[in-house]
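S.K.: Attaching a single structure in C-alpha cells format; questions to follow.
The values are calculated or read from the model by the stated rules, or taken from the named source; none is laboratory data. These numbers come from a predicted model, not from an experiment. Cβ placement follows ideal geometry from the backbone for every residue including glycine, while neighbour counts extend to all protein chains displayed. These accessible areas exclude ligands, DNA and RNA; they are computed on the full protein's heavy atoms, side chains included. Shrake-Rupley method; radii C 1.70, N 1.55, O 1.52, S 1.80 Å.
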Amino acid sequence: MSVLKIRIKFAKQGVMRFIGHLDIMRYFQKAMRRAHIDIAFTEGFSPHMIMSFAAPLGVGLTSNGEYMDIEIKSPIASADAVRQLNEVMVEGMEVLSFRQIEEGKAGKAMSLVAAADYTVSFRPGYEPKEGWQERLEAFAKKDSIVILKKTKKSEVETDIRPMIYQLSVDGDQVHMTLATGSAANLKPELVMSAFLKNEGSELDSFALSVNRDEVYADTGTEEERKLVSLESLGEDIVL
C-alpha cells in the first residue's frame, strides 16, 4: 500500500499554551479521526498513528510555527484537509497548512530542525531599566557569551553566542533566530537570562512572553548556513 507523507503546520495560542506535548499528541490523534483524515497506522500487535512532531514546544509558550509529520493512505486536497481539521479544532489551535513532502528531499521534520524564530517581550512590570533595548542589541553582538548551562548531571560552561543567529529589537519586542535541534539548542529564555545577569539582575520565571514564529531546516553547507522553513519543503496537494 502506498502512502503520502504529509507535513502539517499549526498554531498553538491562548490557553492551549499550557497543554504539554503528550496531550497535544493525544489531541491530534482524536482530531484526525473527527476530521476523517485517512491516516496510516504502524503494524504489529499495538498499532498507532504514524505521527511525529518537530521540536515540541515548552509549556507556557505560544507558537505560529509548529510542525508534525504524518502519513495518509488516501489523497486529499490540502485546502480540504485544512478546512476539515480546523472544523474540529478547539480555540487556540489552528492548522495553517497541509503539504505533501517527498521521501529523502524533505526528510523527517524532527531530524531536520536547525533553527527557530522567536518574538519575546517582557510582561508589564518586569521590564529592565530604561534603555534596555539598545543594551540588549549590544550584548548580543559580543564575541562571546559564556553561561553555566545545566545538564542532566551537572553544569557546564557554554558559549551561547554562536547559537544566536540573529537578534533585533523593535519597540518592546525582541526578535531572535536561535539554533534549535539535536546538534545545538538554545532557548530564548536563556538568552534573556544571560542578558539580565550581565545587567546585574535575575530573570523572573514569569517575566517573559515567548512566541515561536517559525522553525527552519538548514539546506546550506558547513561554511554557509541556508535556513528554509519546514513548510517550504512541501507542496500543496491539488486534486
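S.K.: Of a type in the set (D, E, K, R), surrounded by 11 or more Cβ atoms within 10 Å (Cβ to Cβ) and either within 21 Å of residue 116 (Cβ to Cβ) or more than 24 Å from the chain's Cα centre (by Cα) (or both): does that describe residue 187?
M.R.: Yes, satisfied.
Table: residues versus (1) under 20 Å from the mean Cα position of the chain (by Cα); (2) open to solvent by 60 Å² or more (accessible area, probe 1.4 Å).
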{"position": "145", "(1), (2)": "no, no"}
{"position": "209", "(1), (2)": "yes, no"}
{"position": "212", "(1), (2)": "yes, no"}
{"position": "222", "(1), (2)": "no, yes"}
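S.K.: Is it true that residue 50 is in contact with an Asp or Glu (Cβ under 6 Å, 6 or more places away or on another chain) and under 19 Å from residue 233 (Cβ atoms)? Steps first, answer last, please.
M.R.: Details: in contact with an Asp or Glu (Cβ under 6 Å, 6 or more places away or on another chain): yes; under 19 Å from residue 233 (Cβ atoms): yes.
Here the answer is yes, as residue 50 does meet what is asked.
S.K.: How about region 1-108: which strands (runs of 3 or more DSSP E) wholly inside it have at least 2 residues that are open to solvent by 60 Å² or more (accessible area, probe 1.4 Å) and not β-branched (Val, Ile, Thr)?
M.R.: On the way: elements: 4-12, 51-54, 62-72, 93-100.
Qualifying strands (runs of 3 or more DSSP E): 93-100.
S.K.: Go through (1) touching a helix residue (DSSP H, G or I) at 6+ places or on another chain (Cβ under 8 Å); (2) without any contact (Cβ under 8 Å) to a residue 12 or more places away in the chain one by one and return the number of the condition residue 219 breaks.
M.R.: Of the numbered conditions (1) touching a helix residue (DSSP H, G or I) at 6+ places or on another chain (Cβ under 8 Å); (2) without any contact (Cβ under 8 Å) to a residue 12 or more places away in the chain, the odd one out for residue 219 is (1).
S.K.: Another one. Which ones in region 194-207 are crowded, with 17+ Cβ neighbours inside 10 Å and of a type outside the set (Gly, Ala, Ser)? Outline the logic, then answer.
M.R.: Taking region 194-207 first, the residues crowded, with 17+ Cβ neighbours inside 10 Å are 194-196, 203, 207.
Selection gives 195, 196, 203.
S.K.: Considering each of 166, 173 in turn, give the residue that is free of Cβ contacts under 8 Å to residues at least 60 places away in the same chain and surrounded by 14 or more Cβ atoms within 10 Å (Cβ to Cβ).
M.R.: So the residue among 166, 173 that is free of Cβ contacts under 8 Å to residues at least 60 places away in the same chain and surrounded by 14 or more Cβ atoms within 10 Å (Cβ to Cβ) is 173.
S.K.: Would you please name the residue that is modelled with the lowest pLDDT, looking only at residues in region 119-143 that are open to solvent by 50 Å² or more (accessible area, probe 1.4 Å) and among the small types (Gly, Ala, Ser)?
M.R.: In the first step, residues of region 119-143 are kept if they are open to solvent by 50 Å² or more (accessible area, probe 1.4 Å); the result is 123-127, 129-130, 134-135, 137-138, 141-143.
Narrowing further to those that are among the small types (Gly, Ala, Ser): 125, 138.
Working: 125: 92, 138: 95.
Among residues in region 119-143 that are open to solvent by 50 Å² or more (accessible area, probe 1.4 Å) and among the small types (Gly, Ala, Ser), the one modelled with the lowest pLDDT is 125.
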